[in-house]
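Let me begin by presenting the structure, written as structure tokens, before commenting on it.
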Amino acid sequence: MGGKIAMKPAPRRLQEIPDLNGVDEPRWLVHQSIAVLEEIYYGAAKPDEEKSWLKIDFAADQGAKRVREELLALVRAPSRSDYMNQSVAFWRLMESKQANLIMFCKERSPVANIIFQMVRGSRLSEDFLNGYFLESDFPVMTNSAGWLANAPLRICDARDPGVFLQVLFEAYPYFDCAVCDWNLEPEEIQAITRMTKDSPIAFLCPQ
């Protein structure tokens, strides 16, 4: 894409992230993602009277059934490999501990995106989404959940029109990289290039 659109920003000293409208901390989304994974794992075999050990209310339209459908669509998408590559780049930034990250969720819900990152992308499959978890999946998910919950990461549900640019306008001074779950449209690229021309923030998209 060129210009401001880059795979990795230059490292800079982390700064404190303030409370921002339309931006969530990752911890509660990680908790909800674990609850969704638990429901997927137990599936139809789970007794109706058995409740999740996590006492948490699902955010609207981010329950297990809907999130599973979102992730199945991603598994079957021709562009899946692009999202896998994006996940690799995301985790390189996470593990470098040198970047404040903001994740914009426009193509999928925040919970679906968090789960995709929890399984490091490559472990996501139709079998997995049918509840067939491998023993080797659990340490990966546990480790990833810890990283996500405690990282200098914020999440924005950008599925409603206009939210992405509105939130970005307030948020970009505090972040080194914006992770977008879609490929930016030309008009979006023009807008963010003007908006962030004096900022080192970079944008990590699937392509």
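Any read-out appearing in this document is the output of simple, stated calculations on the displayed coordinates, not a laboratory observation. These figures come from a predicted structure and were not determined experimentally. Cβ sites come from the backbone with ideal geometry, for glycine too, and all protein chains shown count toward neighbours.
Under a point spin-label approximation (7 Å from Cα along Cα-to-Cβ), what is the N130-S79 distance to one decimal in nm?
Distance between label points: 2.7 nm.
Calculate the spin-label point distance for R123 paired with T193, positioning each point 7 Å from the Cα along the beta-carbon direction, and give it in nanometres.
For T193 paired with R123, the spin-label model returns 4.0 nm.
What shape does the stretch 78-161 have by the C-alpha gyration tensor, where a ≥ b ≥ c are the square roots of the eigenvalues, rounded means a/c under 1.5, and otherwise prolate means a/b greater than b/c and oblate the rest?
Oblate, because a/c is 1.5 or more while a/b does not exceed b/c.
Taking the highest mean first, how do the peptides 129-138, 29-38 order by number of other beta carbon atoms within 10 angstrom per residue?
For the peptides 129-138, 29-38, the packing ranking is 29-38, 129-138.
In Å, what is the Rg of the alpha-carbon atoms in the stretch 52-205, and how long is Dmax?
15.8, 48
For the stretch 59-207, with the dipole built from +1 on Lys and Arg beta-carbon atoms and -1 on Asp and Glu ones, taken about the Cα centre, which of S96, P78, A171 lies farthest toward the positive end?
S96
Count the net charge of all other residues whose Cβ sits under 12 Å from the Cβ of Y132, scoring Lys and Arg as +1 and Asp and Glu as -1.
Its environment carries a net charge of -3.
May I ask you to compute the full-extension gain from Q166 to W91, defined as 0.36 nm times their residue separation minus their alpha-carbon distance, rounded to one decimal in nm?
Fully extending the segment from Q166 to W91 adds 24.4 nm.
Once you have a ≥ b ≥ c as the square roots of the Cα gyration tensor eigenvalues for the stretch 116-207, tell me rounded if a/c is under 1.5, and otherwise prolate or oblate according to whether a/b is larger than b/c.
Prolate is the answer for the stretch 116-207, as a/c is 1.5 or above and a/b outweighs b/c.
Which of rounded, prolate, oblate describes the stretch 163-204, given a ≥ b ≥ c as roots of the alpha-carbon gyration tensor eigenvalues and a/c under 1.5 marking rounded, otherwise prolate only if a/b is larger than b/c?
rounded
Around S144, what is the net charge, scoring Lys/Arg as +1 and Asp/Glu as -1 over all other residues with Cβ under 13 Å from its Cβ?
Every neighbour counted, the sum reads 0.
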